[in-house]
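Notes for the one structure printed next.
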Amino acid sequence: MQDFSYFCTMAGIYVHIPFCNSKCAYCGFYSVPSLKQKERFLEALKAEIVGREEYLSAGDCGASPAMRPALKGNPLTPNIHTIYFGGGTPSLLSVNEIGDILHLINTHYPVADNAEITLEANPDTLSPEYLIGLRQLGINRLSIGIQSFFDNDLKYLSRKHDSNHARQCIAWAKQASFSNISIDLIYGLPSSNAEQWNRNLDLFFEMGLPHLSAYALTLEPNAILTKQIEQGKALPVNDEDALRDYDILCHRAKENGFLHYEISNFCKMGMHSKHNASYWFGTPYAGFGPSAHSFDGRSRQWNVANIEQYCNALRHCEERSNPDNTLQEKEQLSPEQHYNEYVMLRLRTHWGIDLKWLKREMGERFSTYCEQHAQPLIAQGRLSQTREFLYLNDQQMLFADGVAEELFWE
Ligand SMILES: C[S@@+](CC[C@H](N)C(=O)[O-])C[C@H]1O[C@@H](n2cnc3c(N)ncnc32)[C@H](O)[C@@H]1O
Ligand code: SF4
């Protein structure tokens, strides 16, 4: 079992770029299909990056309670070990615009020399020159939204690219010296079948990439596809297809030497997304941009999911370190909420629940409660236990949320 205790003095930065070329029918993420507000947004984003510079260095944020005595007297400034440009479509910004944001982050935050810097990219926005430009900026990880290598799936999902372009841009990314490349695929598509899903996975494995994120198609309440299906205008989605594809996915990933380290994430040894892992390990992070979430170790806060309101809040903020209160909502976690969140996040991962950590950081009442409530689940074969860890087996991972609920503090 890998030791992640060192995560406690790390921190991450997430930057949300809320623009897309068009809105994909299935997507529930916050973005708008127009670049009209880009300049205003970039100004506001820069003001937020500068204005919230204290967020990750305030108080004892970043250190676990057990570490705090050892750090007493030492001003703790967490190193930024990961930066993640997500969206929306960050690859709609020019190399210069991304460079300016990175420069600002580097000026105002202690970014580690070997930081993982990821950019989410849509195939239809990529070209060889653009990818070379990103690499030269120091972006060292790409997450490309391929979704499928088949045109009938891409049409069902209303994607802008076709399968040839999907393959082409992976080749360009390799030529631009990106070695840490991840792609997103979506399974359980009514336009697909077991054979086509296997073929999608064949293509991924043949490309020799180190990371795959594969998601079951989810019908989001605010997505166009959900309405289209309700009105009988698009093929319906069914759970059996998703379960079948998930089973294929787990087996094929294992056969090909991939570690299934989170419900939807698979990697070659050591190539997990360090940024996403920090969400599951309770590492503090600051999120900038509309709809972005932040966590300082004890409380969560999230920015308003509206570009107009976001820009106004930052423009009206007189004192930059105190943005106007229409920007964010905040939730202070009680110990019970913190426990529930820990259980939910960690069960989604192959590292599972660390009972020793629970006892040390949250107290014996939580570790005992967790272990006791786990016993019936172990007897049902839904959960396994080693001396210190409780975890789900591969096939059970899709049901992580249901198992977590059984362990929640009532
Ligand atoms: C933040 S999104 C978008 C990234 C990028 N804009 C793109 O579309 O390629 C990250 C990934 O979430 C997945 N995703 C988004 N909505 C989904 C849904 N309703 N069901 C399953 N996967 C979804 C897609 O695989 C997508 O690439
Ligand atoms: S899936 Fe990606 S490109 Fe499509 S609307 Fe969502 S964020 Fe934009």
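The values are calculated or read from the model by the stated rules, or taken from the named source; none is laboratory data. Keep in mind that this is a model prediction, so the values were computed, not measured. For neighbour counting, all protein chains shown are included, and Cβ atoms are generated from backbone atoms with ideal geometry for every residue, glycine included.
Just a few scattered comments:
- Of the residues making up region 135-150, those that are more than 15 Å from ligand 1 (Cβ to nearest atom) and either part of a helix (DSSP H, G or I) or small (G, A, S) (or both) are R135, Q136, L137, G138.
- Of the residues making up region 177-207, those that are in a helix (DSSP H, G or I) and farther than 19 Å from N238 by Cα are R199, N200, L201, D202, L203, F204, F205, E206.
- Matching residues in region 151-171 - criterion: being touching a strand residue (DSSP E or B) at 6+ places or on another chain (Cβ under 9 Å) and within 16 Å of ligand 2 (Cβ to nearest atom): D153, L154, L157, R159, H161, A166, C169
- K174 at pLDDT 95 or above, touching a strand residue (DSSP E or B) at 6+ places or on another chain (Cβ under 8 Å) and assigned to a helix (DSSP H, G or I): yes
- Yes/no for D153 being buried (at least 23 other Cβ atoms within 10 Å of the Cβ) and part of a helix (DSSP H, G or I): yes
- On inspection, Q372 fails the criterion of being of a type outside the set (A, V, I, L, M), without any contact (Cβ under 8 Å) to a residue 60 or more places away in the chain and within 30 Å of V50 (Cβ to Cβ).
- Subset tally (residues that are surrounded by 15 or more Cβ atoms within 10 Å (Cβ to Cβ), modelled with pLDDT of 55 or more and out of contact with any Lys or Arg (no Cβ under 9 Å at 6 or more places or on another chain)) for region 54-99: 17
- Of the residues screened, S148 is one that is touching a helix residue (DSSP H, G or I) at 6+ places or on another chain (Cβ under 8 Å), closer than 20 Å to D247 by Cβ, within 16 Å of ligand 2 (Cβ to nearest atom) and polar (S, T, N, Q).
- In region 86-102, the residue that is farthest from the chain's Cα centre (by Cα) out of those that are closer than 17 Å to E129 by Cβ and of a type in the set (V, I, T) is V95.
- Test result for L225, assigned by TED's automatic domain parsing to the domain that holds S158 and within 23 Å of the chain's Cα centre (by Cα): yes
- Subset of region 22-45 [within 20 Å of the chain's Cα centre (by Cα) and aromatic (F, W, Y)]: Y26, F29, Y30
- Residue ID - modelled with the lowest pLDDT, chosen from residues in region 1-38 that are part of a strand (DSSP E or B) and away from ligand 1 (no atom under 13 Å from the Cβ): M10
- Only residues that are out of contact with any Lys or Arg (no Cβ under 7 Å at 6 or more places or on another chain) and either farther than 23 Å from L201 by Cβ or in a loop (DSSP other than H, G, I, E, B) (or both) were counted across region 258-276, and they come to 9.
- Unique residue being in contact with a strand residue (DSSP E or B) (Cβ under 8 Å, 6 or more places away or on another chain) and of a type outside the set (V, I, T) when the list is L102, L189, L137: L102
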